[in-house]
Amino acid sequence: MVSIPHPLDQLNLLTEKPVLKVAVIGAGYWGPNLARNFKASPAWELSAIVDMDVERALAIARPLGDVPVFASLDELLASTEIDAVAIATPARTHHGVAMAAMRAGKHVLVEKPLAAQWHLGVEMVEFAETNSLTLMADHTYCFTPAALKIRELIAEDALGEILFIDSVRINLGLIQPDVDVFWDLAPHDLSVIDFILPGGLRPESVAAQGADPLGTGKACVGHLTFALPNNAMAHINVNWLSPTKIRQMVIGGSKRTLVWDDLNPQQRISVYDRGVNFEKASTSEVQRKAQAVSYRLGDTWSPALPEKEALGLMVTEFADSIHEGRPSRTGGVAGLRVLSVLEAASKSLAADGEQSPVANYEFQLEETR
């Protein structure tokens, strides 16, 4: 007897998204994490791991089912059919590897930062857009349940108008050989700020102060500040020399203040109904200066967060953006916004903390249209 498929089963077969094939480029610190999550994702087939150090690549590949290993991207492209690559190599190589992959028609995921220089990032973004390829920045923290919840709370105006953002990311090491502490740690905080604010990360200028007490030739301790809309301010403190590890972001709003403590798994987010009472819209600047400041002391609550690995959500978003032909939530332009702030911070640092203008790709794009 021949069984006839149910119409709904046929529809599911038609709408099911095909599994995509990906290669992870780089078997150093971050590559193994990417490889593990691609291997675990039903949306992906981990097809290869590429590294100049073949033995290091094999050490990752064997536990994942003897995934094929290649010593170079050229060798991979010449012998294996893939849809995408995930790049986990030093920042100075991101542009070259990404462009080679995109010229071969592959979608690209790049770990932070997008490139070593802003103009190289622009070339990557423009090539991807021109050739209808997905270019995604691996801004992992944006896919944590905490960051997703913060974005939701800000979108629904639970915090009110943002008054300040203060972020601390300090720990002991690892001192990087090729970048300073700003380029190593600050991309996490900058990408989250870009992700949670409705208008994204668009400061006109930034100021950076850094110190190199160890004489390494690069800043090991740093402070980065820039303006937010409505006279608000953001401050990021990064440090490789702290004996204690802190991962904390405080977002102050006119209604409530939120604290994200990423090292507290029992209560990552706390929302405080405490702050300054003011009627900004109904009073003049002179009246506001003259009026007495009053405070409110309300309740504190902590929203429940699902236990999901951020990298797992990130690789799913990468697949979805490819299938749907849309920019990902941390697409190339988002990576470029973070990159522009980092480059401006380097210029400010070289100028002893003077304000440095931030390049705006979207503004320049509109100017040329």
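For the stretch 307-359, just the Cα atoms, rotate onto the principal axes and tell me the three extents in Å, largest first.
If we take the Cα atoms of the stretch 307-359, the spans are 45, 28, 11 Å.
Starting from the coordinates of the alpha-carbon atoms of the stretch 198-277, obtain the Kirkwood hydrodynamic radius over all distinct pairs and give the value in Å to one decimal.
One over the average 1/r among Cα pairs gives 15.1 Å for the stretch 198-277.
As an exercise, take the mean of 1/r over every pair of distinct alpha carbons in the chain, invert it, and state the Kirkwood radius in angstroms. Numbers along the way, then the final one.
On the way: mean 1/r = 0.0447 Å⁻¹.
Across the chain, the inverse of the average 1/r is 22.4 Å.
What angle do you read, to the nearest 10 degrees and between 0 and 90, between the alpha-carbon axis of helix 181-196 and the longest principal axis of the chain?
80
Rounded, prolate or oblate: which fits the stretch 74-218, taking a ≥ b ≥ c as square roots of the Cα gyration tensor eigenvalues, rounded meaning a/c under 1.5, else prolate when a/b beats b/c? If you can, show how the numbers build up before the last one.
Numbers: a/c = 2.13, a/b = 1.30, b/c = 1.63.
In terms of gyration-tensor shape, oblate.
Over 28 Å between C-alpha atoms is what I'm after, so list which of Lys106/Lys149; Lys218/Lys308; Lys255/Lys347; Lys149/Lys245 land there. Before the final figure, lay out each step's value.
On the way: Lys106/Lys149 32 Å; Lys218/Lys308 36 Å; Lys255/Lys347 36 Å; Lys149/Lys245 23 Å.
Check vs 28 Å cut-off fails for Lys106/Lys149; Lys218/Lys308; Lys255/Lys347.
So if R0 is 30 Å, what FRET efficiency would Ser294 and Ala155 give, r being the distance between their Cβ atoms, rounded to the nearest 0.05?
Step by step, r from the Cβ atoms, then E = 0.60.
Roll a 1.4 angstrom probe over the protein heavy atoms and tell me the percent of accessible area of the stretch 151-251 that is carbon or sulfur.
Whole-percent figure for carbon plus sulfur exposure: 55.
Can you check what the net charge comes to around Ser191, using other residues whose Cβ is under 10 Å from the Cβ of Ser191 (Lys, Arg +1; Asp, Glu -1)?
-1
Using a probe radius of 1.4 Å on heavy atoms only, what accessible surface per residue do you get for the chain? Whole Å² is fine.
50
Could you name the lysines in cross-link range of Lys112, using Cα to Cα under 18 Å and dropping any fewer than eight places away on the same chain?
Reachable lysines: none.
Give the shape of the stretch 121-171 as rounded, prolate or oblate, defined through the alpha-carbon gyration tensor: a ≥ b ≥ c are the square roots of its eigenvalues, a/c under 1.5 means rounded, and otherwise the shape is prolate if a/b is larger than b/c and oblate if not.
Values: a/c = 2.45, a/b = 1.88, b/c = 1.30.
Note, shape of the stretch 121-171 comes out prolate.
Would you mind counting up the charge near Ala84? Only other residues with Cβ under 13 Å from its Cβ, with Lys and Arg at +1 and Asp and Glu at -1.
Working: positive: Lys21, Lys106; negative: Glu45, Glu81, Asp83, Asp138, Glu317, Asp320.
Once positives and negatives cancel, what remains is -4.
Hey, how many Å between the Cα centroid of the stretch 208-253 and the Cα centroid of the stretch 288-348?
17
Could you sort the peptides 41-48, 174-181, 61-68 by per-residue average Cβ neighbour count (10 Å cutoff), highest mean leading? If you can, show how the numbers build up before the last one.
Numbers: 41-48: 19.1, 174-181: 16.2, 61-68: 14.4.
Sorting 41-48, 174-181, 61-68 by mean packing, highest first, produces 41-48, 174-181, 61-68.
Contour minus end-to-end for Met52 and Leu214, with contour as 0.36 nm per residue of separation and end-to-end as the Cα-Cα distance?
55.2 nm
The values are calculated or read from the model by the stated rules, or taken from the named source; none is laboratory data. All of these numbers come straight from a predicted model, not from anything done at the bench. Neighbour counts run over all protein chains shown; Cβ positions are idealised from the backbone, glycine included. Surface areas here come from the heavy atoms of the whole protein model, side chains and all, with no ligands, DNA or RNA. Shrake-Rupley method; radii C 1.70, N 1.55, O 1.52, S 1.80 Å.
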